[in-house]
1. Here are some conditions: (1) buried (at least 17 other Cβ atoms within 10 Å of the Cβ); (2) not in a strand (DSSP E or B). Asn153 meets all but one. Which one does it not meet?
2. Looking only at the range 165-174, decide whether some residue is at pLDDT 95 or above, touching an Asp or Glu at 6+ places or on another chain (Cβ under 9 Å) and among the polar types (S, T, N, Q).
3. Residues in the range 137-153: is at least one over 24 Å from Gln177 (Cα atoms) and modelled with pLDDT of 90 or more?
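The values are calculated or read from the model by the stated rules, or taken from the named source; none is laboratory data. None of these values were measured; they are calculated from a predicted model. Heads up, the Cβs are rebuilt from the backbone with ideal geometry, glycines too, and the neighbour counts pull from every protein chain shown.
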Amino acid sequence: MRLKKWRGTMLFAVILTTMGLTIGLKLYGTADLVGASASGTTTSAGVALPSTPQPTVASAPVPSGAAVTPTPAPSATAATPSAAASAGVTTTIDGQVEQTRYGPIQVAVTFVDSTITAVTELQAPSNEGRSVEINQQAAPLLEQEVLASQSANIDTVSGATYTSDGYARSVQSAIDQR
């Protein structure tokens, strides 16, 4: 009779564990690596992707006791941003300095023709350690938001509301100056 009481609890624990692993793997971008096979990689949707051939590098003999540092292979996508940047007119405009509760925020927005290609932080809160820490976590997320939306209409980063608002206002001022 006691087994029946625990059956629901065990089932609940298994479901939570499975969901946690699935969501965690997707959250950290390793879900595609879980389905990897010898012939290539399988996406989370079950689609097989061809494997990328790895370059062969001839190595010279290394004397015993010497340290060997591997050199990363060049990426095929590294040339894409510079090719896009050279195709159009690049303009960088500094946004206004926006005063927030925790300090000033200012960004520079880089445009290629009318497309926003980069957002660089020129000023950020720096008077308190916690403010610096929050800004270091929020700035990359805010930049991604601006690049994705191509505007200052961005989502607020949780825990960095003042920073997010100041960042968006500075981006908008740079867009308005364009």
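1. Among (1) buried (at least 17 other Cβ atoms within 10 Å of the Cβ); (2) not in a strand (DSSP E or B), the lone unmet condition for Asn153 is (1).
2. Within the range 165-174, one or more residues are at pLDDT 95 or above, touching an Asp or Glu at 6+ places or on another chain (Cβ under 9 Å) and among the polar types (S, T, N, Q).
3. Restricting attention to the range 137-153, the residues satisfying the condition of being over 24 Å from Gln177 (Cα atoms) are 137-138.
Subsequent filtering for residues that are modelled with pLDDT of 90 or more retains 137-138.
Yes, because at least one residue in the range 137-153 is over 24 Å from Gln177 (Cα atoms) and modelled with pLDDT of 90 or more.
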